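Working notes for the structure below.
Please treat every number below as a calculation from the coordinates, not as lab data. Note that the structure is predicted; figures quoted are calculated from it, not measured. Reconstructed Cβ throughout: ideal geometry from the backbone, glycine too, with neighbour counts over all protein chains shown.
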Amino acid sequence: MLKLAKYLKSSIGWILLMVCLLFLQAYCDLALPGYTSDIVNVGIQQGGIEDAVPQTIRTEEYQNLFLFLDEEDADFVNSYYSEEDGMMTLKKIDSDTREKLNQILGRPELALTTLRSDSDETKAIKAQMNLPEDADLISGLSQLPQEQLNGMLSEMNKQFDQMPDSIITQASVAFVKAEYQAQGKDLDQIQTRYLLLSGGKMLLMALLVMAAAVSVTFISCRVGAAFSRDLRGKVYGKVLSFSNAEFEKFSTASLITRSTNDIQQIQMMTMMIFRIVLYAPILGIGGFLKVLNTNTSMAWIIGVAVALIMAVVVVLMVVAMPKFKSLQVLIDKLNLVTREILTGIPVIRAFSTQKHEEERFEEANHNLMKTNLFVNRCMTFMMPVMMLIMNGISILIVYKGAYGIDSGQMQVGDLMAFIQYTMQIIMSFLMICMMSVMLPRASVSGVRVNEVLETEVSIRDPKEPKQAIPGESGTVIFKDVSFRYPDAEENVLSHISFTAKRGETTAIIGSTGSGKSTLVNLIPRFFDVTEGEVLLDGINIKDMTQHELHEKIGYVPQKGVLFSGTIRTNIAYGNEEMPQNEVEKAARIAQAYDFITKKEDGFDSPISQGGTNVSGGQKQRLSIARAVAKKPEVYIFDDSFSALDYKTDVTLRRALKQETKDATTIIVAQRISTILHAEQIIVLDEGKVAGIGNHQQLLKSCEIYHQIASSQLSKEELGDE
């Protein structure tokens, strides 16, 4: 997969945008539990009063607070309050200053709240100061000497140090609420305003999360689709550059699977990576940092959850990983069997082997089904186990958090936020772990696609192509050519030398397996010679580009190949802009005009895939017409007249001779009648030249040719010859 990442360069801008959106989404997701905590703690429990810092406070009450502040803290508080009409008003401050004021004012407010209560401690202090029970203790304290007041303040601070922060917070909030009530403010309105403001912020965050998530999904789908499009284009272009040697390495079924199913797997994984793999670490790390700020005493619960999830995933990976890796191979096998059966239906019916082929298909299909079922069951088992772990962790958090709330160590909102942060962390690990289970299949697909892309092509264009030599146009020369197939031990062709001249017909004949088709396949460089060289236009074909070489050649394969479309598009395959009169001329030369015009749509008649809606002879004639319409320098007919009757063969060759009088014609044939009038006949025997000459010469000088002729011609015909 990593090796294929270089093909994402065109989408780098979209990827950076996605990363930014993921950070925005994570920020909003991580902010939501905090707002939930604030709504519960501040909005509901504290009535909308955030902290111990009152916005306004009566001057008299303000002075009472200073009884419990040292000189430094008193000066700090005084610098942020201004007096007007017997009321102290808070100036505009930042969050850090407010936090410091909250820490300074919390304890004095707790002290005032405690001293005004009718508790046993208050009564004891009044008795110690010889004050009546109905006396104002605060006024009494203000009359004490500073030294005695400092001693009492020091003793109170020791008691405050032993109290949880939540107790101090609740007491200070109660002081602020009482102060606002004394000022005549509407406490319900304060609470409502806070709840609406916090709820509005939560709603805004939720909308941002939705917008970011939708945008990331949209962009990831776009990037994934563009990535798969580029990969398919690269694979297609690479496959087109393959020689026959590379096609022997990859089966057709495998190449189709790699171009479709494998790239689809990569596309899905690419989208999942951008939507989940990149997001999960951001969410998990952010959630962990938030948890540390919420309550570190329960952080160990997260470790337990992560350990349990990892254990489940490791077990699943050990069990399911081998099956994931075998899925693509099984799909290859199913495609191979399906393709063989569909293309070989006539033969299967002729030999009545339908039952056998059904069993082959069922075996491949059943193996794929079993593996898919196993993998899906593993994934199905994974989710309930993960949900059990998540719910169990929630119960554990509530159980431990209840003790913290009871002891005043945390508030209900903090517990709720901790649960949400923990679930976010667990979900991030869960997403990564699920991806780690799904990744092997995409990784296998990536390796298979990359294998195609990184395959070294055995036939390449030269870095500095040479130009054709004037006066040598169309001349084909074989100089001591030998050839063996890749990984083969013996040569198929050995020391072949001949010259095919322009304006002449060179025929190649020999027994089955003598190397006739292999020899002509060397001219368009379907294979490269092992030894020697093949020259065209006076230069080695390896010294010209493949495009230039193929432009000079009109090739008709042994098995006629037609493409889906119309008769016209097949004949004009080498030039889509070919005039209609040129198409018709080529059809007449190939003796295809009559059967074409008899069709209802004529040259616009459809051709099905593979040319299955025309006969073998019609397919050959259309293939010949396609080569003739190209008007090349060299014609190569690889046993292209075998499906024609004798009359059509003679008529076609006569018309073809007139058309190709200025070109080089090379014919591979099985029938002597096809090559009788060739200027040069090359007889092959087990990959070697057994004789070269015209028909008359070879009858006298080449025993193998004489035997072939004797098997096809009568004694009278041989005598006439």
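Summary of values
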{"read-out": "Helical mean residue ellipticity (222 nm; -39500 (n - 2.57) per DSSP H run of 4+; nearest 500) of the chain", "value": "-20000 deg cm²/dmol"}
{"read-out": "Within-13-Å neighbourhood charge of Pro579 [Cβ basis; K, R +1; D, E -1]", "value": "-1"}
{"read-out": "The stretch 560-631, relative contact order [Cα under 8 Å, separation at least 6], %", "value": "53"}
{"read-out": "For the stretch 66-119 and the stretch 334-352, distance of Cα centres in Å", "value": "91"}
{"read-out": "In sequence order, calculated HN-Hα J values of the stretch 285-290 (Karplus, 6.51, -1.76, 1.60; Hz; x Gly/Pro)", "value": "5, x, x, 5, 5, 5"}
{"read-out": "Cα Rg over Rh - the stretch 200-270, Kirkwood", "value": "1.32"}
{"read-out": "Neighbour-limited loop hits for GluC sites (Glu not before Pro), the stretch 405-497 (at most 10 other Cβ within 10 Å; DSSP other than H, G, I, E, B)", "value": "Glu454, Glu456, Glu489, Glu490"}
{"read-out": "Anisotropy class of the stretch 300-344 from Cα gyration tensor, a/c 1.5 cut", "value": "prolate"}
{"read-out": "Phi to ³J(HN,Hα) by Karplus 6.51 cos²θ - 1.76 cosθ + 1.60 over the stretch 547-564, Hz, x for Gly, Pro", "value": "4, 5, 4, 5, 5, 8, 10, x, 10, 10, x, 4, 9, x, 10, 10, 10, 4"}
{"read-out": "Compactness of the stretch 16-113 as Cα Rg over 2.2 N^0.38 Å, two decimals", "value": "1.45"}
{"read-out": "0 to 90° range, to nearest 10: angle between helix 616-630 axis and the chain longest Cα axis", "value": "80"}
{"read-out": "Packing-based order for 188-201, 411-424, using average beta carbon neighbours within 10 Å, highest first", "value": "411-424, 188-201"}
{"read-out": "In degrees, nearest ten, helix 299-343 long axis to first principal axis of the chain (Cα)", "value": "20"}
{"read-out": "Relative contact order %, the stretch 529-605, counting alpha carbon pairs below 8 Å whose residues are six or more apart", "value": "21"}
{"read-out": "Overall dimensions of the chain by Cα: Rg and Dmax, Å", "value": "45.0, 155"}
{"read-out": "Whole-Hz couplings from phi, Karplus 6.51/-1.76/1.60, listed for the stretch 604-612; x for Gly and Pro", "value": "9, 5, x, 10, 6, 4, x, x, 6"}
{"read-out": "Percent of beta bridges antiparallel (DSSP, the chain, rounded to nearest 5)", "value": "60"}
{"read-out": "Sparsely packed chymotrypsin sites (Phe, Trp or Tyr not before Pro) within the stretch 299-380, loop by DSSP, other Cβ within 10 Å at most 14", "value": "Phe351"}
{"read-out": "For the stretch 560-631, diffusion coefficient by Stokes-Einstein and Kirkwood Rh (Cα), 10 °C, 1.306 mPa s, µm²/s", "value": "137"}
{"read-out": "Computed over the chain: relative contact order in percent, which uses C-alpha pairs under 8 Å that are six or more apart", "value": "13"}
{"read-out": "The stretch 463-597: translational diffusion in µm²/s, Stokes-Einstein, Kirkwood Rh over Cα pairs, 37 °C, 0.692 mPa s", "value": "191"}
{"read-out": "Centre separation in Å (Cα based) which lies between the stretch 403-473 and the stretch 583-610", "value": "52"}
{"read-out": "Where trypsin sites (Lys or Arg not before Pro) fall in DSSP loop in the stretch 584-658, at most 11 other Cβ within 10 Å", "value": "Lys598"}
{"read-out": "Angle in degrees between helix 12-38 and the longest Cα principal axis of the chain, rounded to the nearest 10", "value": "30"}
